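To start, the structure under review is shown below, and the notes come after it.
The values are calculated or read from the model by the stated rules, or taken from the named source; none is laboratory data. What you see is a predicted model, and the numbers here were worked out from it, not measured in a lab. We place every Cβ from the backbone using ideal geometry, glycine too, and count neighbours over all the protein chains shown. Please note that ligands, DNA and RNA were not included when accessible areas were found on the heavy atoms of the full protein model with its side chains. Shrake-Rupley method; radii C 1.70, N 1.55, O 1.52, S 1.80 Å.
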Amino acid sequence: MLKQLTVLILLFALTYKVQATECGKVTIADMDWDSATFVANVDSFILQHGFGCETELVPSETIVAAKSILLQGKPDIIPEMWRNALKGGLEYGIEQDKIKFVGKVLYEGGLEGFWVPAYMVEKEPSLATMAGVKQHSYLFKRPDLGNTQPFFSCAPGWRCQNTVINLFKALDLKQAGFEVTPTDEITGLSGSIAHAYAKKLPWIGYYWSPTAVLGNYKMVRVEFNAGVNREYFQECIEKKYCKNPRVTMFPPRAVDTIVTLKFSQRAPAAMMYLSARSFSNQDMNNLMAWKVNHNADGKQTMVEFLTQHESIWTQWVSPPVANKIRSALTNL
């Protein structure tokens, strides 16, 4: 019995040593927005304490990180990359066997759309559809804004402005009495939603998920009942000049993890984790709301997540790895 136990211990030690050797030193892009820095810290902690990697967080942003991984093969991991940000370059990197996409950070994808407050839908359920919004457009009159019916759009110069204007036309919202109302870069869309919620005012406009705003304020994404035409959306709706735009829902945005080909080949155990690690939009909204409400950084939000949401992350790793992560958390 003692001999068998000794063999098992040796095998475990050997397995751990192989994993650590495979993984080695790992550089992880710590991107400059809330969800990305949170995911980077989660990956760093789990890879370090669960898989024996020597991790280093490297501050970065989208274009810098993408150029670096394509041209220099660093960092090893970009935890959160919105594919539409640099589609051409990323696809080139895959073709040249420089990078790989690994799993989905958001398994539903990033969601854009036109939203209304849940408290309005609770009173009038049809407002969850665009047909209902147009039929009951009078419910969106704002006494504080001269009794107009504002449709809140992004700040001038934002990429989403083309999309909002084209879909506003396609949906005939002007005929229903709405006016496109751009928000400024200081108070912005988030400020207009917070103000509406505080006073229970009507609100309709463009927004996206995941964000802390949608974690703090319950909003309903309006259904157009037109399906998704991804190709048409990209070729016309997103463009500044889109002649006679047609209705289509916003297609989900792919939000994936990118790794170098070399890392994917040397660290199969870590790759299995990265392939499994994925969040729902609602879970990410809630975590980002916690981060903002507690004025927390990426590391503090990571600790909150790993200690309070075991039911999520334990699905991504084996029981022995989960135990090592729990042990590391007790030593923080």
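Here are a few things to note about the model shown:
- If a spin label sat at a point 7 angstrom from the Cα of Asn84 along the line to its beta carbon, the backbone N atoms of segment 138-169 nearer than 12 Å would be those of 159-164.
- Identified option (computed Rg and Dmax of the Cα atoms in Å; candidates (1) 26.4, 90; (2) 19.2, 64; (3) 23.1, 84): (3)
- Distance (nanometres) between label positions extended 7 Å along Cα→Cβ at Ala194 and Gln300: 1.7
- Apportionment of accessible area to carbon and sulfur, the chain, percent (1.4 Å): 55
- Peptides 325-332, 302-309, ordered by how many other C-beta atoms sit within 10 Å of their residues on average, highest first, read 302-309, 325-332.
- Hydrodynamic radius of segment 177-332 by the Kirkwood approach over all distinct alpha-carbon pairs: 19.4 Å.
- Sorting 278-288, 233-243 by their mean Cβ neighbour count within 10 Å, with the most densely packed peptide first, gives 278-288, 233-243.
- Per residue, the chain exposes 50 Å² of accessible surface when a 1.4 Å probe is rolled over the protein heavy atoms with every protein chain present.
- Packing rank of 108-115, 75-82, where each peptide gets the mean count of other beta carbons within 10 Å, highest leading: 75-82, 108-115
- Mean separation of Cα contacts under 8 Å (6+ apart) over length of segment 111-236, as relative contact order %: 42
- Charge tally around Gln315: other residues with Cβ under 15 Å, Lys/Arg +1 each, Asp/Glu -1 each, net +1.
- Three-way shape label, segment 111-236, alpha-carbon gyration tensor, a/c 1.5: rounded
- Anisotropy class of segment 24-137 from Cα gyration tensor, a/c 1.5 cut: prolate
- Rounded to 5, the percent of DSSP beta bridges in the chain classed as antiparallel: 55
- Within the chain, helix-based [θ] at 222 nm, where runs of 4 or more DSSP H residues each add -39,500 (n - 2.57), nearest 500: -13500 deg cm²/dmol
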